[in-house]
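The values are calculated or read from the model by the stated rules, or taken from the named source; none is laboratory data. Bear in mind the structure is a predicted one, so any value in this text is a computation, not a measurement. Virtual Cβ from ideal backbone geometry, glycine too; neighbours counted across all protein chains shown.
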Amino acid sequence: MELLNIILILSLVVNIIIVPYAIRCARRLLVVASNMNSLQEGFTVFQAHVETLHESEMFYGDTSLRSLMDHTKVILEELDKHEDIYALVIDDTELEEDIGFGDYEEKAETPRTN
């Protein structure tokens, strides 16, 4: 019985140490995921802008813009390899729709008429 108490106390101590560490790591991971998502969105907009510029009459066929477009595509492909990281960030509206919380807020905000 005494051995069981020692194991229980040791388990509690380890859990008290590990839980805050895990929460801190999860928060850092969410920040990284959010930043990577913003980075990919920025590169996607940049790629569209360069392609539009390249297709304009003034710069059509410019080799510098073509290589810039190719480089942007390579960067976006590299970011897509790490999509599992920034896919952790779920848009709040999607989360609310999944759990039906948004519907509850709308119902709570509309006053009842008798």
Report, by residue number, each residue of the range 52-68 that is of a type outside the set (S, T, N, Q) and loosely packed, with under 15 Cβ neighbours inside 10 Å.
Glu55, Glu57, Met58, Phe59, Tyr60, Gly61, Asp62, Arg66
Residues within the range 24-51 that are at pLDDT 85 or above and farther than 18 Å from Ile85 by Cβ, tallied
5
